[in-house]
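**Student:** After the structure tokens below, expect a handful of questions from me.
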Amino acid sequence: MTTTGTETIDWRNCQPVELTDILRHSSEAFYEHGFHGTTVRDIAARVGVTVPALYYHHENKEAILVAVLGAAIADLQVRGEAAIADAGDDPVQQMANLVESVTLHLTVRARLAALDSEYRYLSADARMPYAEVRKANELLTRSVIDRGVEAGVFHVDDTAEATRALLGMLQAIPRWYVDSGPLTPADVATRYVGLSLALLGATPRKD
């Protein structure tokens, strides 16, 4: 748990995202049928409103996806920063905490997180704010890897490539994780912390 200013952030306490009825039903439709496979009429029928009523709240289908994606990723960076801060000056623990934080997000919010790939269907202007948040999270991860390499505890030839590989591995989690399966979010986090540190060439700590 980390205190930032007057706010205390319990980064391990990853709660499901609260959405309006429109965004909840839209996210379910996008998850089941994809952005292009979902129509505004489909969403309106799920919500139980008319199409004009839907347009009263959101300009179009693209605006709905923007709102869903924004809600999904809203606290990811601040939780990641809190996780890193909790680790002190140790890059290995920083990475362990960061991966745990991200993995909890990708499992607890798996169906929402899986929609990340749909952002490529947004127009350039609509995509930009979300892309900037994604990039900020990528740079946060790379900053920890850079510190680990400088400290001699991570062993990779290219930190940018290592960052992409690590994030690519994590981003695949929502495509297979189901909360009815045998693994809890904490179980997945423990496994992926180990995989991530191994990818970075970190020496396992002895208890």
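**Student:** Mind sorting THR103, THR8, THR20 by how few other Cβ atoms lie within 10 Å of their own Cβ, fewest first?
**Tutor:** Lowest to highest Cβ neighbour count: THR8, THR20, THR103.
**Student:** Length gain on complete extension for the stretch TYR56 to GLU161, per 0.36 nm per residue less the alpha carbon to alpha carbon distance?
**Tutor:** Roughly 33.4 nm would be gained on extension.
**Student:** What's the magnitude of the charge dipole for the range 21-68 around its Cα centre, counting Lys and Arg as +1 and Asp and Glu as -1 at the beta-carbon? Answer in Debye, nearest 20. Write down the numbers at each step before the final one.
**Tutor:** Details: 4 positive and 6 negative charges, 15 e Å.
Here the range 21-68 has a charge dipole of around 80 debye.
**Student:** On to the next question. Which one, SER101, SER26, SER123, has the greatest fluctuation when you compute a Gaussian network model over the chain with C-alpha springs under 10 angstrom?
**Tutor:** Residue with maximal mean-square fluctuation among SER101, SER26, SER123: SER123.
**Student:** Suppose we flag GluC sites (Glu not before Pro) only when DSSP calls them loop and at most 14 other Cβ atoms lie within 10 Å. Which is the longest uninterrupted stretch of the chain?
**Tutor:** With GluC sites (Glu not before Pro) excluded where exposed in loops, the chain gives 60-207 as its longest stretch.
**Student:** Name the shape class, rounded, prolate or oblate, that the alpha-carbon gyration tensor gives for the chain, where a ≥ b ≥ c are the square roots of its eigenvalues, rounded holds for a/c under 1.5, and otherwise prolate holds if a/b is larger than b/c and oblate otherwise.
**Tutor:** Prolate.
**Student:** Here is a follow-up. Under the 0.36 nm per residue contour assumption, what length would be gained going from the current alpha-carbon distance of ASP116 and GLN171 to full extension?
**Tutor:** 18.9 nm
**Student:** Right, next: Given the rule -39500 (n - 2.57) for each run of at least 4 DSSP H residues, summed and divided by the residues of the chain, what is its mean residue ellipticity at 222 nm, to the nearest 500 deg cm²/dmol?
**Tutor:** -21000 deg cm²/dmol
Only the coordinates and a few stated rules stand behind these numbers; no lab work does. Remember, predicted model here, so these are calculated numbers, not experimental data. Heads up, the Cβs are rebuilt from the backbone with ideal geometry, glycines too, and the neighbour counts pull from every protein chain shown.
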